[in-house]
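Reading through the structure tokens given below for one structure.
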Ligand SMILES: [Ca+2]
Ligand SMILES: [Ca+2]
Ligand SMILES: [Ca+2]
């Protein structure tokens with residue numbers, strides 16, 4: 001019995017496996033460059049255009065150039081023919097089985113002012129939300145199997161947000177891709193203080209077990 005308890009304790013410590021997720025960020029979570037809170041009201045009006053990008057964001061080619069602006073790079077309250085914000089995630093490898101795309105948005109309307117068409121690696125996504133002016137909101141979408149398959153074959157994910165038919169103004173704080181399939185075994189080497197607690201704990205358990213046995217023997221003797 002004692003050996004069994006000891007074995008269970010050691011197994012629990014040394015074979016603990018911890019799941020974690022890998023994330024890929026385009027842009028940064030800095031409140032659209034000016035500290036605007038998540039799920040709050042933003043101060044942007046579109047006039048004058050708000051452009052709070054860092055120099056690196058302005059020069060980016062992966063989609064960060066579309067963050068921390070308020071329709072600056074796709075200006076005007078009118079349909080923007082050919083206006084497509086493209087976010088490109090690369091070096092994703094191939095073992096994707098579960099993942100999500102997350103966007104931190106400023107008053108994004110998917111349909112109110114005309115359809116905004118969104119594709120992941122060419123697959124059209126069902127975006128059916130209208131946050132309304134002047135709300136900021138974070139939206140997260142699980143990746144469908146066809147998108148996961150395409151990531152596994154391409155090693156990349158290209159997100160296109162096409163507002164050719166939309167008159168909506170909007171802003172991105174960041175776009176984030178999450179891989180939920182990462183499982184990291186944790187060898188979990190206990191620290192000296194933990195070792196001391198373990199030894200003390202096992203000693204107490206052993207002592208209690210010995211006491212339990214002697215009680216049993218005593219009980220047998222007197223019956
Ligand atoms: Ca934010
Ligand atoms: Ca920024
Ligand atoms: Ca940002």
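For first residues located in the range 157-178 and more than 17 Å from residue 71 (Cβ to Cβ) and more than 16 Å from ligand 2 (Cβ to nearest atom), partners that are in a loop (DSSP other than H, G, I, E, B) and at pLDDT below 95 and lie 6+ apart or on another chain with Cβ distances below 9 Å form the pairs 178/21. The residue that is nearest to ligand 3 (Cβ to nearest atom), among those in the range 131-182 that are in a strand (DSSP E or B) and surrounded by fewer than 15 Cβ atoms within 10 Å (Cβ to Cβ), is 138. Which residues, counting only those in the range 113-130, are crowded, with 18+ Cβ neighbours inside 10 Å and modelled with pLDDT of 95 or more? 118, 120, 121, 125, listed by residue number.
May I ask you to list the residues in the range 1-45 that are assigned to a loop (DSSP other than H, G, I, E, B), modelled with pLDDT of 75 or more and either in contact with a helix residue (DSSP H, G or I) (Cβ under 7 Å, 6 or more places away or on another chain) or within 21 Å of residue 135 (Cα to Cα) (or both)?
Within the range 1-45, 28, 29, 30, 36, 37, 38, 39, 40, 42, 43, 44, 45 meet the criteria.
Residues in the range 98-112 that are assigned to a loop (DSSP other than H, G, I, E, B) and within 17 Å of residue 135 (Cβ to Cβ): 107, 108, 110, 111, 112.
The values are calculated or read from the model by the stated rules, or taken from the named source; none is laboratory data. This is a predicted model, so every value here is computed, not measured. Ideal geometry is used to build each Cβ from the backbone, glycine not excepted, and the neighbour counts take in all protein chains shown.
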